[in-house]
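Colleague: The structure under discussion is supplied below as structure tokens; questions concerning it will follow.
The values are calculated or read from the model by the stated rules, or taken from the named source; none is laboratory data. As the structure is a prediction and not an experimental result, all values here were calculated from the model. Backbone-built Cβ (ideal geometry, glycine too); neighbour counts: all protein chains shown. Calculation scope for accessible area: heavy atoms of the full protein, side chains included, ligands and nucleic acids excluded. Shrake-Rupley method; radii C 1.70, N 1.55, O 1.52, S 1.80 Å.
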Amino acid sequence: MDNLQRPALFVDLLTVVPTLRLDLKYLTGDNFVGDRIDGYDAELCLITRPAASALLRVQQALAEFGLGLKVFDAYRPQRAVDHFLRWSEDHDDIRYKADYYPSLQKPELFSKGYLVQHSSHSRGSTVDLTIIDLETGAELEMGTCFDFFGPESWIDCQTISAQARANRMLLQHVMVQHGFVPFHHEWWHFTLQDEPYPDTCFDFPLAN
């Protein structure tokens with residue numbers, strides 16, 4: 001399979017779940033690198049159709065309680081992962097260390113598994129997200145920001161507030177209930193259990 005071509009099974013997430021919110025961190029530069037990431041060329045969130053359909057069911061379940069989803073990232077081109085790797089090797093660029101990885105050095109982000117050379121995101125069925133109040137758009141308290149690298153982001157962290165622990169438990173429960181597998185080190189990260197491309201890392205850019 002040509003990983004530079006977008007398969008028909010990839011869809012614009014908003015066309016399937018139009019009521020969810022997007023906050024595309026790697027497009028805007030509001031992220032741990034501090035720049036727009038390679039491959040993010042348009043305000044577009046792609047994901048495989050089975051994953052999108054599962055997220056629609058999650059959104060519908062949360063909506064019964066006045067809650068919904070906000071998505072930070074879904075499909076991530078391999079070139080973006082390569083950008084992270086190059087950034088990790090630039091030891092002079094620590095602009096956002098205090099915000100995202102205060103207790104770690106850059107090489108540890110890979111050695112401890114927070115960043116990887118081949119991300120599940122590049123297979124098209126992984127999503128980073130949180131829960132919001134549908135009326136106000138406010139994010140529920142989760143104890144850390146998205147992409148905070150450290151034990152505080154582990155799904156079973158006990159040093160965050162009781163409210164944040166409860167909110168994380170809600171997110172984990174509703175995502176698992178609808179077919180997603182969580183990642184222990186990142187409370188926001190989920191991969192569809194029956195992903196259609198388990199062995200292919202795609203590299204086509206996010207472009208209109």
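Colleague: Sorted by packing (mean other beta-carbon atoms within 10 Å per residue), highest first, where do 52-61, 2-11 land?
Modeller: 52-61, 2-11
Colleague: Could you size up the charge dipole of the chain around its Cα centre, putting +1 on the beta carbon of Lys and Arg and -1 on that of Asp and Glu, and report it in debye to the nearest 20?
Modeller: Numbers: 17 positive and 30 negative charges, 66 e Å.
That gives a dipole near 320 debye.
Colleague: Right, here's the next one. HN-Hα J couplings of segment 195-208 from phi, Karplus 6.51/-1.76/1.60, θ = phi - 60°, integer Hz, Gly and Pro as x?
Modeller: Coupling constants for segment 195-208: 5, x, 10, x, 10, 10, 9, 7, 9, 6, x, 7, 8, 7 Hz.
Colleague: Something else now. How large a share of the accessible area of segment 80-160, in percent, is made up of carbon and sulfur atoms when the probe is 1.4 Å and the other protein chains stay in place?
Modeller: Numbers: 1960 of 3880 Å².
So the carbon and sulfur contribution to the accessible surface is 50 percent.
Colleague: Continuing with this model, one more query. Can you spot the lysines whose alpha carbon is less than 24 Å from residue 106's alpha carbon? Ignore those fewer than 8 places along the same chain.
Modeller: Filter leaves 25, 97.
Colleague: So if I take the centroid of the Cα atoms in segment 166-201 and the same for segment 45-96, what is the distance between those two points in Å?
Modeller: Distance between centres, Cα-based: 11 Å.
Colleague: Can you work out the PRE-style zone for residue 63? Point 7 Å along Cα to Cβ, and I want the residues of segment 1-43 with backbone N under 11 Å.
Modeller: 17-20
Colleague: Also, I was wondering about something else. Assign unit charges at the C-beta atoms only (+1 for Lys and Arg, -1 for Asp and Glu), then state the dipole size of segment 141-207 relative to its Cα centre in Debye, rounded to the nearest 20.
Modeller: I would put it at about 300 debye.
Colleague: Still on this model: Report the full-extension gain for the segment residue 184 to residue 166: residue separation times 0.36 nm, less the Cα-Cα distance, to one decimal in nm.
Modeller: That works out to 4.9 nm of additional length.
Colleague: Hey, how much of the P(r) for segment 1-88 falls beyond 19 Å, as a percent of Cα pairs? Working shown, then result.
Modeller: Values: 1729 of 3828 pairs.
Value for segment 1-88: 45 percent of Cα pairs lie more than 19 Å apart.
Colleague: Something else about it: What label, among [x] -0.19, -0.59, -0.82, -0.95; [y] -0.28, -0.72, -0.90, -0.99; [z] -0.24, -0.69, -0.92, -1.04, belongs to log10 I(q)/I(0) by the Debye sum over Cα atoms at q = 0.07, 0.12, 0.14, 0.15 Å⁻¹ computed from the structure on display?
Modeller: [x]
Colleague: Once the Cα atoms of segment 100-208 are picked out, what are the Rg and Dmax in Å?
Modeller: So, for segment 100-208, Rg and Dmax equal 14.9, 42 Å respectively.
Colleague: Using each residue's phi in segment 85-92, evaluate 6.51 cos²θ - 1.76 cosθ + 1.60 at θ = phi - 60° and report the 3J(HN,Hα) Karplus result to the nearest Hz, with x for Gly and Pro.
Modeller: 5, 4, 4, 5, 8, 8, 6, 7
Colleague: So, for segment 135-192, what is the accessible surface per residue at a probe of 1.4 Å, expressed in square angstrom? Walk me through the numbers on the way to the answer.
Modeller: Values: 2720 Å² over 58 residues.
Each residue of segment 135-192 exposes 47 Å² on average to a 1.4 Å probe.
Colleague: Here is a further query. What are the ³J(HN,Hα) values, in whole Hz, obtained from phi via the Karplus relation 6.51 cos²θ - 1.76 cosθ + 1.60 with θ = phi - 60°, for each residue of segment 53-66 in sequence order, with x given for Gly and Pro?
Modeller: 5, 5, 5, 4, 5, 5, 4, 5, 5, 5, 4, 4, 10, x
Colleague: Report, by chain and number, residues whose modeled amide H sits under 5 Å from the one on residue 186, excluding near sequence neighbours (fewer than 5 apart, same chain).
Modeller: Sorted by chain and number, the residues that satisfy this are 155.
Colleague: Ok, one more. Considering only protein heavy atoms and a 1.4 Å probe, what is the carbon-and-sulfur percentage of the accessible area of segment 18-61? Provide the component values of the computation, followed by the final result.
Modeller: Numbers: 730 of 1730 Å².
Here carbon and sulfur together make up 42 percent of the probe-accessible area.
Colleague: Tell me which residues come under 5 Å, amide H to amide H, from residue 132 once H is placed; ignore anything under 5 positions away on its chain.
Modeller: 68, 69, 70, 140
Colleague: Can you give me the accessible area per residue for segment 1-114, using a 1.4 Å probe, in Å²?
Modeller: Counting only protein heavy atoms, the per-residue value for segment 1-114 is 47 Å².
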